[in-house]
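Okay, so here's the structure we're looking at.
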């Protein structure tokens, strides 16, 4: 008789009894999905891996610490047989057949009544890949197909348009420090689905070139402000396009909530009754020093790091930074938007007790092809910025971590 292909189906296991025989690596890989499905899981195994034991300790499953026994599959809806005892597996498979329990066998797919597909998820959709029959089963191939589809959906290279009407909404997307590969997969997918993108100068500009021709790209720096403040104009643009029923992405550099005024935009959208999704981004305060070989913390060197904005000088009445207290810290100080104020910042730190010899690194255009690192000390940084012509955007790192990992010739 010719072998027929498996029939794909999605099992709804919430609250239903599922029996897993064996607590080894196979169970460890399969249990999280069963837990996520809300199944009433009963694990039958005298031993288990530490990860599986942790699931039992957390109450995510019931562990029966013994070998398989006849009757264990009674009233089960689904069974996963994954012990190292071939005889026990065969007996359990026979019991599953008699009780009409769908049964997966890790050791013998031909004797199973169900197969586990290679699965992945992307924004509420599960991708499941099965081979046609047992004879042609190639787990690596199906996993590779799964990975390609999921990755394509996540990074936007495989676009599946929505056909149902979408509610008006805005996504505040943190684009990361500049390298287009450092945006989150969710951020990249939302960009691929956008009708309008309002982009900051510091966002990952290379991603804009990948957008389809119909996407309207608006440079936030060039929005006509008229009688409005710059931020008000941006808020109004977000609201206007969202009310037209468009999918709007506000693409920001770094993280929306790290000196990015993301909360102001969220509040404006909330007042206008527009739904907003916030997608965190990799902050340049950590990633840019890392890209330049500087860890913001290091065992035995720095147990804390502090991130401050340097766009307001220490002697400015608008400053909210306690520079005197910062000078007393022994950890790392990371300053964003402070290139043109670094001279006065350095003077203030030294005046409050920081050593003039404290190492300083300025990383310009971090994570991009134009990345450049310039080293100095608190005593020399102002002159170094002038003579080396350091320009924004640049992340400034102050502390002993600057010297960690440096080569002797540097």
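Counting DSSP beta bridges with both partners in the range 297-403, what percentage is antiparallel, nearest 5? Each step should come with its number before you reach the end.
Values: 15 of 20 bridges.
Just about 75 percent of them are antiparallel.
So how long is each side of the range 1-140 along the principal axes, counting just the alpha-carbon atoms, biggest first, in Å?
Cα extents, longest axis first: 43, 40, 27 Å.
For the chain, give the share of DSSP beta bridges that are antiparallel, in percent and rounded to the nearest 5; count only bridges with both residues there.
Antiparallel bridges make up about 35 percent of those DSSP assigns within the chain.
Relative contact order (percent) for the range 169-279, with alpha-carbon contacts under 8 angstrom and 6 or more residues of separation?
Answer for the range 169-279 is 43 percent.
Run the quick spin-label model on residue 267 and residue 324: label points 7 Å from Cα toward the beta carbon, then report their separation in nm to one decimal.
Distance between the two pseudo-spin positions: 2.9 nm.
I want to verify the translational diffusion coefficient of the range 169-279 in µm²/s; compute it with Stokes-Einstein, Rh as the Kirkwood radius over Cα pairs, at 25 °C and 0.890 mPa s.
Result for D is 180 µm²/s.
Multiplying the sequence separation of residue 53 and residue 108 by 0.36 nm and subtracting their Cα-Cα distance, what value in nm do you get?
Between residue 53 and residue 108, full extension yields an extra 17.2 nm.
Would you please state which residues of the range 84-113 a label at residue 29 would reach in this model, taking the label point 7 Å out along Cα→Cβ and a backbone N cut-off of under 15 Å?
84, 104-109
Taking each pair of different alpha-carbon atoms in the chain once, compute 1/r for the pair, average those values, and report the inverse of that mean as the Kirkwood hydrodynamic radius in Å to one decimal.
On the way: mean 1/r = 0.0389 Å⁻¹.
About 25.7 Å for the chain.
So how do 284-290, 138-144, 364-370 stack up, highest first, on mean other-Cβ count within 10 Å?
Packing proxy ranking, top to bottom: 284-290, 364-370, 138-144.
What order do you get for 316-329, 386-399, 18-31, 231-244 when each peptide is scored by the mean count of other beta carbon atoms within 10 Å, highest first?
18-31, 386-399, 231-244, 316-329
Order by neighbour count: 217, 101, fewest other Cβ atoms within 10 Å first, most last.
Placing the least packed residue first, the sequence is 217, 101.
Order these peptides, 80-89, 251-260, by their mean beta-carbon neighbour count within 10 angstrom, highest first.
251-260, 80-89
Round to the nearest 0.05 the FRET efficiency obtained for residue 386 and residue 240 when R0 = 56 Å and r is the Cβ-Cβ distance.
0.85
Can you figure out the FRET efficiency of residue 141 with residue 317, using R₀ = 51 Å and their beta-carbon distance, to the nearest 0.05?
0.15
Over the chain, what is the relative contact order in whole percent, taking alpha-carbon pairs under 8 Å and six or more residues apart?
RCO, the chain: 10 percent.
Any read-out appearing in this document is the output of simple, stated calculations on the displayed coordinates, not a laboratory observation. Everything numeric here is computed off the predicted structure, so don't read it as measured data. Cβ coordinates were reconstructed from backbone atoms using ideal geometry, including for glycine residues, and neighbour counts include every protein chain displayed.
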